[in-house]
Each structure stands twice: as C-alpha cells, then as structure tokens.
2 protein chains.
Amino acid sequence: MEKPYVVGIDIGGTNTVFGVVDARGTILYSGSAKTGKHADVNNYVDELANGLEGVIRRVGGHDKIKGIGVGAPNGNYFTGCIEFAPNLPWKGTIPLAQLISEKLNGIPVTLTNDANAAAIGEMTYGAARGMKDFIMITLGTGVGSGIVIGGNLVYGHDGFAGELGHVITRRHNGRKCGCGREGCLEAYASATGVARTAREYLEIRTDESLLRNLNPDEIASKDVYDAAMKNDKLAIEIFEATGTMLGEAFADFIAFSSPEAIILFGGLAKAGDLIMKPIKESLDQNVLKVFAGKTKLLFSQLKESDAAVLGASALGWETKEI
Amino acid sequence: MEKPYVVGIDIGGTNTVFGVVDARGTILYSGSAKTGKHADVNNYVDELANGLEGVIRRVGGHDKIKGIGVGAPNGNYFTGCIEFAPNLPWKGTIPLAQLISEKLNGIPVTLTNDANAAAIGEMTYGAARGMKDFIMITLGTGVGSGIVIGGNLVYGHDGFAGELGHVITRRHNGRKCGCGREGCLEAYASATGVARTAREYLEIRTDESLLRNLNPDEIASKDVYDAAMKNDKLAIEIFEATGTMLGEAFADFIAFSSPEAIILFGGLAKAGDLIMKPIKESLDQNVLKVFAGKTKLLFSQLKESDAAVLGASALGWETKEI
C-alpha cells in the first residue's frame, strides 16, 4: 500500500520546525527543535529525531511515512549535505540527510536549500500548481530563489544553482554583501537591505519622515512598512527603490528562462502593493520587448507559517522507497 | 528501418546554407539559397525547397530523411514560426516549419533560433558531448545564447528563453542596443560592440595605436584583432574590456543555472586567448564563492563553417516520425 504521509523539516539558524503532512498538503502534527544551541550536529540530530518520532508515532509509525524532505541553508540536493552554511552552528560539510535517515529506521531523506523547498511547495500546493516554468523569489533576511524549468527544479551541475540573490545589480559603488562581494541584489532587496536603504536615505536626505523618530541602528524593514502605510513619503520611496531594483533584476531573469511567473515569498512580500507596484513598473520598463507582458508577478499562496514545512515535505513525495 | 539522415538548415539575413547530415555528424551534401533577395517568403521557400530536393535526391530521396532542423533568428521551437525577426525580409509571424514541410512531402521540420541550434549541435557533436548542464554563448554580430539544463534546451514558457545577449550589463549611461534598450551585453561584447569600443577609445584617448591608421567608421572587430596580434596596446585593452564584461555577466549566469561549462562560439571567439584570458580573470573575480573554479570555459569544437548546419541538423533527430 502506498505510504500516506511525508515529513517536512525546515532548518533555520535558530529554530527547526517540522511536521507530518498528508497528500492534500495538510500539516497533521508539528513540532520544533533548537538549531542554534547544538554545537555538535549529533546532539542536534538526537533532539530532532526525538521530536520526529513523536509526530510520526501519532500517524501510525515509520511505515506510514513515504519520505522526509529537508529545507536547509546551503543544502545540496545531490549529496544530501549541508555545505559551509554561514548561519548554522556546524562548520564544513555535514551529511545531514544520512544522519537523519539513520536515526529513523532508514526512511529516505531528501535535502535541498530553503528557497528550492519553497518553490517545490508552491508547485505542489500553491500559486504554481500546474506551472512548468516559474521562479520563486524569497525576500527574507536574504534574497533566495528556486527556479523551475520544464517542471523540474534547477539544481545545476553541482546542486547549487539558483543563487539569484547574488546577481550583481550595482557594478559600481555597490553595497557590501554578506557573501564578500559588492552590489548583490540581496544587499538591497532583502529585509536587511530595506533597513540599510532607510539608514542611507535618513543620512543623506533632509526631508521629514516618521522614521526619524527611531534609532537608525535599530530600524527594521517592518518599521519602513509601518511608516509607508501611514503615507510617509520617504518610506514609500524606499519601497519604490527596492521594487525598481527587483524589477530590473527580474527583466534579466526573464531573458534567461522566460518563466510563466515570478512568485514572491517571504517577509518583504507582505508589503503587498507597496513593493509589487514598483516591481511591475520597473519590469515593464526594463524587459526585452519579446517578453513584454508575458510573465505573471504573483505572491505565494502558501500560509507563511506553514510554507517552509510544506515546501520541504513536498520533497518527501519525490523520494524513492528503499 | 530507421531513417539514416537528417537535414540542417541555417538561415541568415543574407544567405541560407543547408546540408544532409549522417548520424556521425558528417555533412554529406550541402547547398545554399539567397535569404535576402526574396521579399515574399513563398518565393524563398520555393528556392530553398528546390535546393533541398537536390541534396536529398543524392542520398536516396525523402524516405531516407528522419527530419529537418532549422536554425533561424527569432525562431520559436514551440510554434515553428519565425516571429518579428529584425534581420529577415519577412515581417510579422511566418510559419516557416510548416511551409518547408509542405513542400517536402511532409518530412517533419523543427525550428529554433540559431544560438539554440548551435547548443544542440555542440551537445550532439562538439565540446558539450556528455554534458547535461551548459551554456552556449555565440559572439557574432550580436550575442546569442542556448542554455541546456538537465540535458534539455531551455525554451521557457513561450519558446523564447535564452536571450542572454540582452541582460543589462551597464545600468547607467549604457550603450544603445539594437533591441531599443540601453546597456545590453550585446552592445559591448559582440563583434559590432568591439568595433564600437574601438571607436570610443580612439575618440576619448590620445595614445598611439595602429587603429588610428584606419577610417574609424569602417573599423571592424577583425581590425582590432589584427592590431592586438601585433601587440597594439589599445587593441589589447579593447579585448580586455570586452572579456571583463563577459566575465561579469558569466558570473551572474552561473548564479542562475550553475552550468558545468560555458562554451564560446562565433567570430569573436576566434580571438582565442585575447578574449578568453580576461574572461577567466573577470569570472574568477566576480563569481560567487560557492561556484569558484567549478565552471569550465571552453571554445566550441565545431568547425565554424559547418557548425550552423550541424547544429540545426541535430534538431532533425529529435523530430517524431509522422
């Protein structure tokens, strides 16, 4: 009999959340583990496996689970390893898929990076159902991407394709990026990028803004959003500048794979029209004529709190039974 | 019995060349037709079909031909149409695959753009044999590209993916491009782009150069190459600037699909190390750390005079027998 459930695990720098998911994309039982407190990955896997056993038992045990999908920063689909993830406590190459599988009676475990997991989730349960060609852009602390072409996720020859947060969007005087280079899209169009733009605007401009009431060092993208919703001109311009850069970058992405849609996901996507309107305008101005008006710009349809687990769990259906 | 031959047709703005090709990639018989002189596409197809009948007869007639592949500017793989090709005499949408097939007893005809045909040729007969993930960059009058991911050519949702000559490489004060926008890679890194760079350098600089002996309006990329081979400093710098921009762009392409190789083809690729060395240096400087040193930079292994026909012909093997 076909095994009826999968497990999704989303690994973040601080917390790991997981859940048992059925074929319709309902999270039946969920739990969490602390990522950040385990300097030794074996201790982490012990805590995680304990939690997983708990939720798996509630649906009838190991035999009911077709596979486990993991979304993790710098996760490599081909090797099942996390490789040199700057925001996780474990250094070097960690064979995480294998470690988890060994603790769970050999249930197959498939791993990919978090943005790829989000793309698979969107294709399985969300706005990309039925689409063969789309790009998922995650606008969170960083800018991530999952690219789907011909119905398949693009992993590249080494498993690391789809780093669209690190295309260079400003070649001269670009902002320093966490990757060590300058001018990456992520340095501008992430939540932290928006906060940096706010600090920059406040310093070089003199006009009034609600943001001037805040300690510049503590401004977050949420503050910029709140100010913009109160019609603060400077805050609105920050979203316009951010959207403009995203639209410019999207025009180049479309020249690459001509997707049916680009789908936005993550904290910054919650700004809605504040960010989508300038993206659309900028894309229309910058896109090559042959692609004009062809690519839909959409928001993710996955409930944000569930999306990461659902996306990872969708990978579980892909796993082959051993 | 399996049909033993295919036909490849390469349509350029002035001339069309075609040939009958066997399974090992040998062009057995070839011929040509005039593209530019036929304002009416039906007259063009008549001339082309006449020529094709001649070479097909020599290998034993229609029954020996598995399929016909066509590489044409703005050719759409999905529809078999040429759509709004600025360098061809026929305006609007031309159902060329159908027109050719009708004249040739219903032999299946598959059409794509010229850079995609080159990529398929390279994968079937050239430097990309055995590769699943690579990008073909054609450096000719323009800059074209054919992208292969997971062993399949990337067509996108509309058949027009892979316009990497039109990513924006200079966002401010960019050169006017033939596509109507500014700052496209093609405006710098094509043969015409190199000639433009030469004119620009000669105008704004004062140092000596062999190129000053030429009429600036008539300088071609070949002249810049000849001067560079004579150790002309300004000419060498033109290739360095061109290669640097290509390397910057390639770093972004790698962030997208993480290919095993990027393969250069076309007139400018004949500059060899003059262009490859600065590309490599620039790529190493600009590529995201996780991809450093992973992507091979190669020249096409197809003999240039045959490559276009071979590339198109490789599409013929893909066609389904009707």
### Query
Points 7 angstrom from Cα along the Cβ direction at A:Glu203 and B:Asp40: gap in nanometres?
6.9 nm
### Message
So if I place +1 on the C-beta of Lys and Arg and -1 on the C-beta of Asp and Glu, and nothing else carries charge, what would the dipole magnitude of the protein assembly as shown be about its Cα centre? I want it in debye, nearest 20.
### Response
420 debye
### Task
Can you find, among B:Gly150, B:Trp90, B:Asn15, the residue farthest towards the positive end of the dipole of chain B? Put +1 on the C-beta of Lys and Arg, -1 on that of Asp and Glu.
B:Gly150
### Query
Taking the Cα centre of the stretch B:130-301 as the origin, how large is its charge dipole in debye, to the nearest 20, when only Lys and Arg (+1) and Asp and Glu (-1) carry charge on their Cβ atoms?
220 debye
### Summary
Dividing the alpha-carbon radius of gyration of chain B by 2.2 N^0.38 Å, where N counts its residues, gives 1.02
### Task
Return, ordered by residue number, the residues of the stretch B:91-117 whose backbone nitrogen is under 16 Å from a label point located 7 Å along Cα→Cβ of B:Phe84.
B:91-95
### Cα-based reach from B:Lys296 at 27 Å (exclusive), listing lysines while leaving out same-chain residues under 8 positions away
B:Lys132, B:Lys222, B:Lys270, B:Lys277, B:Lys280
### Message
Using the Cα centre of chain A as the reference point, and only Cβ charges (+1 on K/R, -1 on D/E), how large is the resulting charge dipole? Debye, rounded to the nearest 20.
### Response
280 debye
#### Entry: Formal net charge of residues neighbouring B:Leu274 (Cβ-Cβ distance under 15 Å; K, R +1; D, E -1)
-1
### Query
Of the trypsin sites (Lys or Arg not before Pro) in the stretch B:45-119, which ones lie in a loop per DSSP and count no more than 12 other C-beta atoms within 10 Å?
B:Lys91
### Task
State, as an integer percentage, the relative contact order of the stretch B:51-148 based on alpha-carbon contacts under 8 Å between residues 6 or more apart.
24 percent
### Query
What full-extension length gain, to one decimal in nm, is calculated for A:Glu2 and A:Lys303 as 0.36 nm per residue of separation minus the Cα-Cα distance?
105.6 nm
### Summary
Calculated from DSSP helices alone, with each H run of at least 4 adding -39500 (n - 2.57) and the total divided by the residues of chain B, [θ]222 nm to the nearest 500 comes to -12000 deg cm²/dmol
#### Entry: Ascending list, in nanometres, of distances separating the B:Gly31 label from those of the other copies (7 Å, Cα toward Cβ)
7.5
### Query
If each residue's Cβ is checked for other Cβ atoms within 10 Å, how do B:His38, A:His166 rank with the fewest at the top?
B:His38, A:His166
### Message
Please compute the contact order of the stretch B:166-303 in relative form: average sequence separation of alpha-carbon pairs under 8 Å and at least six residues apart, divided by the residue count, as a percent.
### Response
21 percent
### Task
Kindly put A:Ser300, B:Ser101 in sequence by how many other C-beta atoms sit within 10 Å of each C-beta, fewest to most.
B:Ser101, A:Ser300
### Query
Considering the dipole of the stretch A:130-301 built from charges on the beta carbon (Lys and Arg +1, Asp and Glu -1) around the Cα centre, which of A:Gln285, A:Ala228, A:Phe239 is farthest to its positive end?
A:Gln285
### Query
Of A:Lys233/A:Lys289; A:Lys37/A:Lys103; B:Lys176/B:Lys289; A:Lys3/A:Lys103; B:Lys3/B:Lys303; A:Lys34/B:Lys289, which ones are farther than 22 Å apart at the Cα?
A:Lys233/A:Lys289; B:Lys176/B:Lys289; B:Lys3/B:Lys303; A:Lys34/B:Lys289
## Note on the structure
If labels are modelled 7 Å from Cα along the Cβ direction, A:Arg129 lies from its partners in the other copies at nm distances, smallest first, of 4.7
### Message
Largest first, please: the extent of the C-alpha atoms of the protein assembly as shown along each principal axis, to the nearest Å.
### Response
74, 68, 43
### Under 5 Å, built H, 5+ apart or other chain: amide partners of B:Tyr155
none
### Task
Please report the relative contact order for the stretch A:88-221, taking Cα pairs under 8 Å with a sequence separation of at least 6, and give it as a percent rounded to a whole number.
14 percent
### Other-chain or far-sequence residues with amide H under 5 Å of B:Phe299's (modelled H)
B:Leu264
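Bear in mind these aren't lab numbers, they're just calculated from the coordinates by the rules spelled out. Predicted, not measured: the structure shown is a model, and the values here were computed from it. Neighbour counts run over all protein chains shown; Cβ positions are idealised from the backbone, glycine included.
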